[in-house]
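Contents: one structure, followed by commentary.
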């Protein structure tokens with residue numbers, strides 16, 4: 001995408017300007033329709049390193065499939081079995097667990113592959129520290145090839161691309177349409193990164209966003225303020241599920257950890273237990289305006305969302321998951337074109 005000698009990285013969706021983002025979505029639709037780049041192999045002879053410091057299902061399979069279908073070769077590494085913990089702190093005396101620094105790993109891997117896609121670890125530090133995304137930032141600083149964020153603590157741009165394509169498929173023009181995002185109960189809440197990226201992307205496209213969550217489950221205030229500053233759309237937070245769903249065309253469900261108790265598992269579990277009634281039901285879906293369901297998955301059936309909704313005509317979750325493949329093909333073909 002860039003003629004600069006410095007590599008182009010994708011850490012968050014704002015690393016793409018408006019024209020590039022719309023171009024990627026248009027190309028994704030053409031790829032899905034098997035026209036244009038879908039019949040070409042722009043990654044012939046090129047290797048893409050996929051480094052996972054956390055587990056993955058959809059991201060790993062869809063990205064590996066995308067690289068294969070474009071003619072490239074994915075090199076898939078899992079930190080739990082294929083290599084070791086890496087240090088990211090500058091100037092540290094490395095007498096702890098990590099035997100290698102990211103600056104060295106990034107420099108070496110850059111000699112072997114044409115791009116590096118990374119899903120970073122999430123530790124047990126406070127959210128104030130976690131949100132700095134120091135690991136992904138270190139990879140972008142030291143890698144000599146493009147770095148693609150497969151999900152950090154703060155951002156998940158690949159999920160947001162697929163979400164935008166799904167929203168466009170369903171709603172057409174997004175400006176002025178209402179998106180409801182609802183926190184839902186789960187025994188193991190996940191990262192807020194997909195929701196952070198979704199809020200930013202949807203408001204950038206002119207959607208009005210309602211966010212429902214119990215007290216103590218507020219999203220990152222810096223992310224929300226950034227979304228407001230980059231959009232003239234309406235953003236309302238801290239709503240009940242019913243209030244958020246009123247007039248919404250899409251209800252997007254996700255369970256995320258409390259940022260206030262991020263590094264305190266005992267307090268987190270106590271807070272979580274109070275909100276077992278936060279799930280998506282057919283009655284809630286009927287509150288919206290012919291609302292459809294989206295969910296980034298994995299989804300705990302009949303805990304986060306009822307079977308009736310997941311398997312019914314309102315559900316877009318399989319189309320949404322499929323769109324991961326098409327949007328990632330588009331991204332790779334643009335980022336790595338000769």
Item checked: Where labels lie 7 Å past Cα in the beta-carbon direction, separation of residue 225 and residue 240 in nm -> 3.1 nm
Checklist line | Theoretical gain in end-to-end length, residue 68 to residue 270 [0.36 nm per residue, Cα-Cα removed] | finding: 68.2 nm
Notebook entry, point to check: With a ≥ b ≥ c the root eigenvalues of the C-alpha gyration tensor of the range 159-321, is it rounded (a/c under 1.5), prolate (a/b larger than b/c) or oblate?
Noted result: oblate
Next item on the list: Would you mind ranking 168, 34, 279 by Cβ crowding within 10 Å, fewest neighbours first?
Entry: 34, 168, 279
Checklist line | Label-point gap, in nm, between residue 22 and residue 121 - each point 7 angstrom along Cα→Cβ | finding: 4.3 nm
Next item on the list: Before anything else, pin down the relative contact order of the range 265-338: Cα pairs under 8 Å, at least 6 apart, normalised by residue count, whole percent.
Entry: 28 percent
Check: The list (i) 46; (ii) 51; (iii) 38 gives values of percent of Cα pairs over 29 Å apart, and only one came from this structure; which label was calculated from it?
Finding: (iii)
Checklist line | Gaussian network model of the chain, springs between alpha carbon atoms under 10 Å - residue of 158, 325, 267 with greatest fluctuation | finding: 267
Next item on the list: Name the shape class, rounded, prolate or oblate, that the alpha-carbon gyration tensor gives for the range 92-182, where a ≥ b ≥ c are the square roots of its eigenvalues, rounded holds for a/c under 1.5, and otherwise prolate holds if a/b is larger than b/c and oblate otherwise.
Entry: oblate
Check: Order of 285, 207 from fewest to most other C-beta atoms within 10 Å?
Finding: 285, 207
Notebook entry, point to check: Over the range 159-321, what relative contact order in percent results from Cα pairs under 8 Å that are six or more residues apart?
Noted result: 26 percent
Checklist line | Percentage relative contact order, the chain, counting C-alpha pairs under 8 Å, at least six apart | finding: 20 percent
Note to self: Given a Förster distance of 22 Å, report the FRET efficiency between residue 263 and residue 188 from their Cβ-Cβ distance, rounded to the nearest 0.05.
What the structure shows: 0.90
Check: By count of other Cβ within 10 Å, fewest leading, how are 255, 233, 69 ordered?
Finding: 69, 233, 255
Notebook entry, point to check: Based on the alpha-carbon gyration tensor of the range 168-250 and its eigenvalue square roots a ≥ b ≥ c, which shape applies: rounded if a/c is under 1.5, prolate if not and a/b is larger than b/c, or oblate?
Noted result: prolate
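FYI, it's all coordinate maths here, none of it is from the lab. None of these values were measured; they are calculated from a predicted model. Note that each Cβ is placed from the backbone with ideal geometry, even for glycine, and that neighbours are counted across all protein chains shown.
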